[in-house]
Amino acid sequence: MIVVAIVAILAAVALPAYQTYTKKAAFSEVIAATGSAKTAVEVCAQTVAGAASSGAGSFSTECIQNKNGVPANTTAAATNNYIGVVTAASGAGVTVTATTATGVKSPLAASESFQLNGTRQTNGQVTWTKTCNPSDMC
C-alpha cells in the first residue's frame, strides 16, 4: 500500500513536468521555423536595404516576404505539423512571425506564436526582439 502511495505521489509530480517539457519541445520547433526568414531579412538588410546613411527607412519595405530573397509565407505543409505559417511583414521594422497549426494533434494551442521584431541599425545590422505567446515559452 505504501508503494502504491509513493508511485501515485511521484506520478502527480512527474506528469505536469513532462507535459510542460513536451510543450516546450514542440514550441522550440515554432521558434526554429523563423530561422530562415530571419537570416534572409538580415542578408537583405546588409545588401539591399540601402546605404548605411539611409537608416531603417527602406528596410521595412524592401526586406519583407517574397521580396529580395526573403521567402514567401511558409505553411505547415512545407515545415511540420506544429507550424501554421511563418511570415515576414513590415511594420516599424520587419516582423517575422511563426504561429502554431490548427487542427493537428499537438501539445500546443492554436493561438500560440513566436514573433521576432527586427530593426535595422544605421550600420546595416538588424537588432531583434522576441515575443512569445504564451510568454512562459521563451
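Computed from the coordinates by the stated procedures, all read-outs in this text should not be read as laboratory data. Not measured: the values here are computed from a predicted model. Neighbour counts are summed over all protein chains in view; Cβ atoms, including those assigned to glycine, are modelled from backbone coordinates with ideal geometry.
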Problem set entry | Built amide H within the under 5 Å cut-off of Ala72, gap 5+ | Asn66
Seminar exercise, completed: Sorted by chain and number, the residues with a modelled amide H under 5 Å from that of Ser106, at a separation of 5 or more or across chains, are none
Problem set entry | Derived scalar couplings ³J(HN,Hα) [the range 11-20; Karplus, 6.51 cos²θ - 1.76 cosθ + 1.60; whole Hz; x for Gly, Pro] | 5, 5, 7, 6, 4, x, 5, 5, 5, 5
Exercise. What list of ³J(HN,Hα) couplings, whole Hz, do you get for the range 28-35 from phi and the Karplus terms 6.51, -1.76, 1.60, once you set θ to phi - 60° and write x for glycine and proline?
Worked result: 4, 5, 5, 4, 5, 5, 7, x
Exercise. All other residues with a Cβ under 15 Å from the Cβ of Thr99 taken together, and with Lys, Arg as +1 and Asp, Glu as -1, what is their net charge?
Worked result: -1
